[in-house]
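In what follows, a structure is listed as structure tokens, so that the remarks can point back to it.
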Amino acid sequence: MPPHKAVPTLRWLANDRVLYTVCGVILEELFFGEQGQWEQLGHPVLTPRLQIVRDVLCNALVPKLQQELLNTILERDEAVEATVRFTAVQLLLVPGVTRLAVGHFPEPFYAPVLSAIADSAAQLQTLDLRGVWVRDMHKFYLCQVIRRIHTIRHLTLRYTSDDEILAIVGKHCPLLETLDISGSENISDPGIRSLYEKRINDEFKGFNDCAKTLKVVDIGGPGAQHLPVGQVSLLLRFLPNLTSLGAFERTGAAVQMLFEEDPTLRFNLIYLHDLYSTKQRMEIIVRSCPKLQGMYLDCPKGSAVQIVHQNKELRNFKVHKCRWSDIEVALINLHSRLRTIYMSTIWGTVDILALAKYCSNLTRIEFHGVTLISTVPDLSTAQTTLIFPELRELFIYRTPVSPDIFGTFLRCSEVLEHVAFGECNQISDQVLSDHIASSSLDHLTQLWFGQAQQLTLPSLQVILEKCPAVTSIGNLAAWALHSAEISFMKMQLELSNTDLTLHDYGSLEQGEGFIIILHDDDDEQQHE
């Protein structure tokens, strides 16, 4: 059976109590207090009572705890009123807070939220403003924030950056290591240069501190298609410690352009995303990027994929729209060096046994639209069944999963933790019971089926009996279960204090549209 809910720690109880007390005080003062004060535009200001509360919190809690409370409130953007969240920023963003993820606010709150951050004097090292899409009318306040966060190391400004903002970042953020400006459309050559150049009266005076510290500049996303490769290549040339351009899909082309100008150049990239790679470009990447650990090839041409094994440090491989025969050649020559693999829209049939033979050390597999077959013998010997002995995460989407494929993957590892299948309409209660009984799923915590029209209540009971660590099961709305059965099981789990969440999103007809992704955004791998 799944584990019981742990007894809350004193720390958790204290944090929870303070969290609800702070929110309660804010609500009472703003909406029911006699001294509630609001600006002309409808934004609350700190009343004398709230100022006293802020002083009490500063004296009672160390900045790290205030930081934890503030970010917890801000991340609940759907459950907590924007007015309360904004007031929490005023109350809890104090000197000593180093990390702030603002979350999503309505547009009328952009200016006051940014002003509160600028006035806080907090020594922020991480600032995430992805939920604040700044327009021209708000740019002044964003620039004011950037000018005052000299200690910042990780800054996220998605969809909002332009040349002026980049110039301010380059001038006032001397310790910056990670800059996420993905999706920004109004970036040009002068803005990119201002990140690393020091200019006085438009005259070049050397390189600024940012040029030495920047390691990741995510300049990809929907707004990056118009950026000329030559402009982005400037970052590769003049940022010596750059390890990734994030989701910029022509990084390989930028490397090739610089290499053709100077074949002696070497780059410190550890992640590369490239579109329409050719064999010639891949040979250049191998020579000029010796530290490459992760690669995403989108629509590679010809035999470019066949030589990726020449990247000696390659451990994480992603490929989209490619022939399996080309990938197979690369995997053979990689000699089990890969730790994670992602394949999407692959032409040809992928044999699981062949994949295991070439990549036996995989810890993560993700397939989208990949035709699979299993030639694994149905034997019970550990040598045969544990074809991926280190596999922990498995995701198969947009591919009908047959009983053989289902059983092969459940038996492939004894350390599986996260498993998600898309379409499992061929899996019956008996098939699931047999395969789970012959598998070792002691570490499985999350199990998801995008669509399973034959699975009923007995299948759920088998999972509960055979998976002692499972804490998340879904999508029960796409099973052959009645809503009353789901409600009954949820009630039983609640009464028995079982630490298990049963998810039921959408309906049976909506199928894979309600698959919940169990892992972080793949773009995060680019910053590791």
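The values are calculated or read from the model by the stated rules, or taken from the named source; none is laboratory data. Bear in mind the structure is a predicted one, so any value in this text is a computation, not a measurement. Neighbour counts run over all protein chains shown; Cβ positions are idealised from the backbone, glycine included. To get the accessible areas, we keep the full protein, side chains included, count just its heavy atoms, and leave off ligands, DNA and RNA. Shrake-Rupley method; radii C 1.70, N 1.55, O 1.52, S 1.80 Å.
Please go through segment 409-434 and pick out each residue that is open to solvent by less than 30 Å² (accessible area, probe 1.4 Å) and assigned to a helix (DSSP H, G or I).
Selection gives Phe409, Leu410, Leu432.
Please work out which residue is modelled with the lowest pLDDT, limiting yourself to segment 386-415 and to residues that are over 20 Å from Gln461 (Cβ atoms) and of a type in the set (A, V, I, L, M).
Leu386
For the subset of segment 195-246 comprising residues that are touching a residue at least 40 places away in the same chain (Cβ under 8 Å) and open to solvent by 60 Å² or more (accessible area, probe 1.4 Å), which member is nearest to Phe259 (Cα to Cα)?
Phe238
Of the residues that sit in segment 385-419 and are out of contact with any His (no Cβ under 9 Å at 6 or more places or on another chain) and aliphatic (A, V, I, L, M), which one is nearest to Ile341 (Cα to Cα)?
Restricting to residues being out of contact with any His (no Cβ under 9 Å at 6 or more places or on another chain) and aliphatic (A, V, I, L, M), the top hit is Leu391.
For segment 268-281, does any single residue satisfy the condition of being over 30 Å from Arg130 (Cβ atoms) and touching a Gly at 6+ places or on another chain (Cβ under 6 Å)? I'd like the intermediate steps shown before the answer.
Here is the first cut: in segment 268-281, the ones over 30 Å from Arg130 (Cβ atoms) are 278-281.
This time we only want the ones that are touching a Gly at 6+ places or on another chain (Cβ under 6 Å), so: 279, 281.
Looking for residues that are over 30 Å from Arg130 (Cβ atoms) and touching a Gly at 6+ places or on another chain (Cβ under 6 Å), one finds at least one in segment 268-281, hence yes.
Please list, ordered by first then second residue, the pairs with beta carbon atoms under 7 Å, 6 or more apart or interchain, first in segment 444-459 and over 15 Å from Leu416 (Cβ atoms) and part of a loop (DSSP other than H, G, I, E, B), second open to solvent by 10 Å² or more (accessible area, probe 1.4 Å) and polar (S, T, N, Q).
Partner pairs satisfying both residue conditions: Gln453/Asn425; Gln454/Asn425; Gln454/Ser428.
Determine if segment 310-321 includes at least one residue that is open to solvent by less than 30 Å² (accessible area, probe 1.4 Å) and either acidic (Asp, Glu) or over 28 Å from the mean Cα position of the chain (by Cα) (or both).
Filtering segment 310-321 down to residues open to solvent by less than 30 Å² (accessible area, probe 1.4 Å) leaves 311, 314, 317-319.
Applying the additional criterion that residues be either acidic (Asp, Glu) or over 28 Å from the mean Cα position of the chain (by Cα) (or both) yields none.
No, segment 310-321 has no match at all.
Taking only pairs six or more apart or across chains, which ones have beta-carbon atoms under 6 Å, a first residue in segment 419-436 that is touching a residue at least 24 places away in the same chain (Cβ under 8 Å), and a second residue that is outside any strand (DSSP E or B) and of a type in the set (Asp, Glu)?
Gly422/Glu512
Can you run down the residue pairs with Cβ atoms below 7 Å, 6 or more apart or on separate chains, where the first is in segment 160-182 and over 15 Å from Leu227 (Cα atoms) and the partner is of a type in the set (Ser, Thr, Tyr) and part of a loop (DSSP other than H, G, I, E, B)?
Thr160/Ser184; Gly170/Tyr196; Leu175/Thr151
Mind listing just one residue for me: the one in segment 111-124 that is surrounded by fewer than 18 Cβ atoms within 10 Å (Cβ to Cβ) and not in a helix (DSSP H, G or I) and, of those, farthest from the chain's Cα centre (by Cα)?
Ala121
Considering only segment 293-318, how many residues are among the hydrophobic types (A, V, I, L, M, F, W, C) and farther than 17 Å from Thr278 by Cβ?
So the count comes out to 2.
Could you check, for segment 42-65, whether at least one of its residues is hydroxyl-bearing (Ser, Thr, Tyr), in contact (Cβ under 8 Å) with a residue 60 or more places away in the chain and surrounded by 14 or more Cβ atoms within 10 Å (Cβ to Cβ)? Before the answer, list the steps.
At the first step, the residues of segment 42-65 found to be hydroxyl-bearing (Ser, Thr, Tyr) are 47.
Now restrict to residues that are in contact (Cβ under 8 Å) with a residue 60 or more places away in the chain: none.
Scanning segment 42-65, I find no residue that is hydroxyl-bearing (Ser, Thr, Tyr), in contact (Cβ under 8 Å) with a residue 60 or more places away in the chain and surrounded by 14 or more Cβ atoms within 10 Å (Cβ to Cβ), so the answer is no.
For residues in segment 248-269 being surrounded by 23 or more Cβ atoms within 10 Å (Cβ to Cβ) and in contact with a strand residue (DSSP E or B) (Cβ under 8 Å, 6 or more places away or on another chain), which is nearest to Gly221 (Cα to Cα)?
Per the stated criteria, the residue is Phe248.
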